Amino acid sequence: MTSRRHFLHTLAATPILASSLIAGCSRSTPRITEEGFMVFNMPMTLRFADEPPEAITATVNAAAGIVEPLYRSIHPWKPSDLTRLNAELAAHGRATATPTILDLIRISRTLFDATEGTFDPTIGALIAAWGFHNSHVDQSHPLPSDAFLDAWLENPPSMNDVSVEGREVIVRNRRVQFDFNGCAEGYAGHLVIQAAQKAGVKNCLFDTGGDLFMIGQAGDKPWHLAIENPLKRGVLASIDLAGHQSLNSSGNYEHRFIYKGEAYSHIINPKTARPVRRVAGSTVWANHYAISDGATKGVMMLEPEQLPAMIRKLGLNGVLFMEEDGALWMSDRMQAAAHLIQPIAGLTSTHRVPPV
């Protein structure tokens, strides 16, 4: 899976690639318990505030039992439920899907509609053509030709080609090949927080390596989180969140390769069939986990004047993005809640996303 992987450090102000826990002090210091597990050599971290040991153990065991089978079942190029589905769709135009894949199709349709088609999981074959269905995506490799990309755009697959009848997925365009990496971590976060609540946990933060999903708070204060500068390593802003919240980030700073001196991001715009350029990184603050992860990709591909409609349709709390030239954009609620860290390396200007 393409995602950001770093451990949180207990009560440390350590920035992580996208969103991270700063974990501040409170009047009565909470008992913080941090537990981690590995999925395909990628660290995942759960942090609990004043929770009983038995509830913590139940949650960690449940999380480990959720995430690895999920990622294994929707792996886009190694043998999985998803690769089998994609093969049947290419051969027959219809196939039976698992409940997990049907959930992800439903979530993806919501994101597709709200992002004007820029979030589209049907372009798996295009992502593969750019060399990102590979465990060594950062290694330099040749680009797909302009002729191939232009031909792709003449008959591109999209979510508009997909329909679902019961458990059967039907496609009008046989080029549909699903890749759910753009929203998989949000879906995983949704399932893990559900498991925590079922175990009786009230205060928990789940970090998938930069994407944060939380309930409750850290003692008598909110979770104190950081957003990293996508242009320069270091904290861009802090934000305090409590309750049922998520903070997700995406950027072109990871999972990219250099070819002939130019960088190419793993985030592909289906409208152009080419990697995103203008935006270096985005952060979305929301209170529904499964949507917020995918929304970060929409922020990276839409123009600022298009974002209010997306924010409204998805019910997002706030968005932030930074352009390659260092210009920072924030929605009103994000600007009110986030505290910029001074000085900010690379920042050239600050702009307001048009009001919702």
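For the reader, a short list of remarks on this structure follows.
- Hey, ILE258 on the phi < 0 side of the Ramachandran plot and surrounded by fewer than 17 Cβ atoms within 10 Å (Cβ to Cβ) or not: yes
- Candidates ALA286, ALA327, ALA295, ALA273, filtered to the one that is more than 19 Å from GLY182 (Cα to Cα) and either aliphatic (A, V, I, L, M) or in the same structural domain as LEU102 (by TED's automatic domain parsing) (or both): ALA327
- Residue in the range 35-56 that is within 23 Å of the chain's Cα centre (by Cα), at pLDDT below 95, of a type outside the set (Gly, Ala, Ser) and in a loop (DSSP other than H, G, I, E, B) present: yes
- Among residues of the range 208-220, those that are at pLDDT 95 or above and at negative phi, counted: 6
- Any hit, the range 218-234, residues being closer than 20 Å to ILE341 by Cα, basic (Lys, Arg) and in a loop (DSSP other than H, G, I, E, B): yes
- When the range 275-307 is filtered for residues that are within 24 Å of VAL192 (Cα to Cα) and assigned to a strand (DSSP E or B), the ones remaining, listed by number, are SER282, THR283, VAL284, TRP285, ALA286.
- Looking only at residues in the range 316-356 that are part of a loop (DSSP other than H, G, I, E, B) and of a type in the set (S, T, N, Q), the one that is modelled with the lowest pLDDT is GLN342.
- Test for VAL176: is it among the β-branched types (Val, Ile, Thr) and not assigned by TED's automatic domain parsing to the domain that holds MET330: yes
- In the set (1) within 23 Å of LEU70 (Cα to Cα); (2) over 15 Å from the mean Cα position of the chain (by Cα), the condition left unmet by LEU149 is number (1).
- Selection of the range 332-352 for residues being under 18 Å from PRO230 (Cα atoms) and touching a Pro at 6+ places or on another chain (Cβ under 8 Å) yields only HIS351.
- Hey, ALA90 among the hydrophobic types (A, V, I, L, M, F, W, C), in a helix (DSSP H, G or I) and surrounded by fewer than 16 Cβ atoms within 10 Å (Cβ to Cβ) or not: yes
- Only residues that are closer than 16 Å to THR118 by Cβ and either modelled with pLDDT under 90 or more than 16 Å from the chain's Cα centre (by Cα) (or both) were counted in the range 268-290, giving 8.
- Residue match in the range 194-203 (condition: within 14 Å of VAL319 (Cα to Cα) and surrounded by 18 or more Cβ atoms within 10 Å (Cβ to Cβ)): no
The values are calculated or read from the model by the stated rules, or taken from the named source; none is laboratory data. Everything numeric in this text was worked out from a predicted model, so none of it was measured. As a convention, Cβ positions derive from the backbone with ideal geometry for all residues, glycine included, and neighbour counts pool all protein chains shown.
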